[in-house]
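S.K.: Next up is a structure, given as structure tokens.
The values are calculated or read from the model by the stated rules, or taken from the named source; none is laboratory data. Model, not experiment: these values are computed from the prediction. Neighbour counts run over all protein chains shown; Cβ positions are idealised from the backbone, glycine included. All accessible areas refer to the heavy atoms of the entire protein, side chains included, with ligands and DNA or RNA removed. Shrake-Rupley method; radii C 1.70, N 1.55, O 1.52, S 1.80 Å.
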Amino acid sequence: MNIAVIGSGGQLGSDLVKLINQSNTDKVYPFTHQDLDCTNLDAVQTVFQNLWPNLDAVINCAAYVRVDDAEDNPEDAFLVNAIGAKNIADACGTLDIECVYISTDYVFDGTKTTPYREDDEPQPLSTYGASKLSGEALTRIGCEKHYIVRCSGLFGIAGASGKGGNFITTMLRLASEGQEIRVVADQLFSPTSTSDLAKKILWLITTRQYGISNITSQGECTWHELASFVFELTGTQKKVLPISTNEYGAKAKRPLYSVLGHEGLQKLNADDLPHWHDAVHEYLRLRGDIR
Ligand SMILES: NC(=O)c1ccc[n+]([C@@H]2O[C@H](COP(=O)([O-])OP(=O)(O)OC[C@H]3O[C@@H](n4cnc5c(N)ncnc54)[C@H](OP(=O)(O)O)[C@@H]3O)[C@@H](O)[C@H]2O)c1
């Protein structure tokens with residue numbers, strides 16, 4: 001397949017590009033934010049038309065990901081996550097190309113106590129979640145051949161530069177600076193490696209089973225458990241103080257429970273992703289933090 005990756009400089013985008021480059025059968029066209037701004041419809045249409053007919057699928061990893069900042073900058077979040085998604089999906093739809101939109105567990109309100117299914121009713125609590133849910137809808141409307149992939153708590157080698165690091169790199173930095181580390185211990189989710197996620201997305205787009213797929217690691221934990229596990233594996237002698245979501249007082253509301261069920265993948269007879277413990281171990285090994 002010939003696959004364009006939009007937002008290819010990010011954590012997930014760069015792992016997708018790396019994997020496609022390693023394939024013998026697929027070809028990748030990577031577009032960083034600098035190469036292609038998804039909010040510019042003319043630019044998006046021109047790029048896709050120039051590649052067509054040698055373009056089979058577009059994976060949209062471009063996103064405004066600063067969840068708290070989105071509360072003060074809703075226009076910016078919606079411009080990238082919704083209008084940018086619409087531009088990409090509309091251009092794909094016109095050319096009959098498959099379109100993949102990467103979405104989030106934050107489309108849910110967290111009131112469930114069992115894993116969210118693909119067909120559960122979304123009810124975002126934050127501007128970021130609402131902008132991603134709009135991106136899902138506009139992708140569905142713009143491109144019949146769409147895949148919507150919901151994931152959570154991503155960590156990858158590229159390290160989420162837009163946010164100043166992903167959660168794991170932020171924890172390691174705070175520890176190295178000797179700062180007190182207080183971490184939320186009442187939000188449950190499934191931390192997911194972008195490398196594992198990228199592999200599954202590349203498999204998913206061979207199935208032609210369009211619609212929503214939840215793709216996350218096996219298992220679940222709180223941010224406090226994740227930080228403690230990272231420090232345990234890296235031998236970081238630093239106490240992680242558990243605090244509540246209310247004590248932390250983030251600007252954006254987050255779901256207290258956002259574990260995603262994998263019924264969609266199971267229906268396709270897909271293997272599950274590794275457990276988050278194994279994914280974090282492999283990530284720290286690749287970063288050179290552990291052997
Ligand atoms: N990170 C998480 O924990 C998480 C959890 C659930 C779902 N997701 C979703 O998963 C996807 C991938 O996340 P990620 O962690 O890989 O994010 P990331 O590392 O921040 O990558 C996002 C990329 O999008 C680019 N971008 C921003 N605005 C753009 C625009 N207007 N046009 C083109 N590119 C633009 C960014 O470039 P610049 O940095 O140069 O602006 C960045 O390279 C996103 O859709 C996100 O919403 C993430």
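S.K.: Which of the residues that make up the stretch 91-130 are in contact with a Lys or Arg (Cβ under 9 Å, 6 or more places away or on another chain), within 15 Å of the ligand (Cβ to nearest atom), among the small types (Gly, Ala, Ser) and closer than 30 Å to Leu51 by Cα?
M.R.: Residue satisfying the conditions is Ser103 alone.
S.K.: If a residue must be closer than 25 Å to Lys200 by Cα and away from the ligand (no atom under 13 Å from the Cβ), how many such residues does the stretch 54-90 contain?
M.R.: 6
S.K.: Are any residues in the stretch 138-153 open to solvent by 10 Å² or more (accessible area, probe 1.4 Å) and more than 7 Å from the ligand (Cβ to nearest atom), and if so, which ones?
M.R.: Result: Leu138, Arg140, Ile141, Gly142, Glu144, Lys145, His146.
S.K.: OK, next. Identify the single condition in (1) over 26 Å from Trp203 (Cα atoms); (2) of a type in the set (A, V, I, L, M, F, W, C); (3) not in a helix (DSSP H, G or I) that Ala158 does not satisfy, given that it satisfies every other one.
M.R.: Every condition holds for Ala158 apart from (1).
S.K.: Also, quick follow-up: I need the full set of residues from the stretch 196-230 which are open to solvent by less than 10 Å² (accessible area, probe 1.4 Å) and either hydrophobic (A, V, I, L, M, F, W, C) or without any contact (Cβ under 8 Å) to a residue 12 or more places away in the chain (or both), in order please.
M.R.: Result: Leu197, Ala198, Ile201, Leu204, Ile205, Ile215, Cys221, Leu226, Ala227, Val230.
S.K.: Across the stretch 73-126, what is the number of residues that are open to solvent by 40 Å² or more (accessible area, probe 1.4 Å), among the acidic types (Asp, Glu) and touching a helix residue (DSSP H, G or I) at 6+ places or on another chain (Cβ under 6 Å)?
M.R.: 1
S.K.: Consider Lys238 against the criteria (1) of a type in the set (D, E, K, R); (2) farther than 21 Å from Ile59 by Cβ; (3) surrounded by fewer than 17 Cβ atoms within 10 Å (Cβ to Cβ): it satisfies all of them except one. Which criterion is unmet?
M.R.: (3)
S.K.: Would you mind finding the one in Gly164, Gly178, Gly135 that is out of contact with any Cys (no Cβ under 6 Å at 6 or more places or on another chain), open to solvent by 40 Å² or more (accessible area, probe 1.4 Å) and within 12 Å of the ligand (Cβ to nearest atom)?
M.R.: Gly164
S.K.: Further question: Does Asn50 satisfy the criteria of being more than 9 Å from the ligand (Cβ to nearest atom) and either open to solvent by 40 Å² or more (accessible area, probe 1.4 Å) or modelled with pLDDT of 95 or more (or both)?
M.R.: yes
S.K.: Can you report the number of residues in the stretch 8-47 which are within 9 Å of the ligand (Cβ to nearest atom) and in a loop (DSSP other than H, G, I, E, B)?
M.R.: Result for the stretch 8-47: 12.
S.K.: Another one. Against the condition surrounded by 16 or more Cβ atoms within 10 Å (Cβ to Cβ) and either on the phi > 0 side of the Ramachandran plot or out of contact with any helix residue (DSSP H, G or I) (no Cβ under 9 Å at 6 or more places or on another chain) (or both), how does Gly156 come out, does it pass? Lay out the reasoning, then the answer.
M.R.: Values: surrounded by 16 or more Cβ atoms within 10 Å (Cβ to Cβ): yes; either on the phi > 0 side of the Ramachandran plot or out of contact with any helix residue (DSSP H, G or I) (no Cβ under 9 Å at 6 or more places or on another chain) (or both): no.
Judged against the criteria, Gly156 is not a match.
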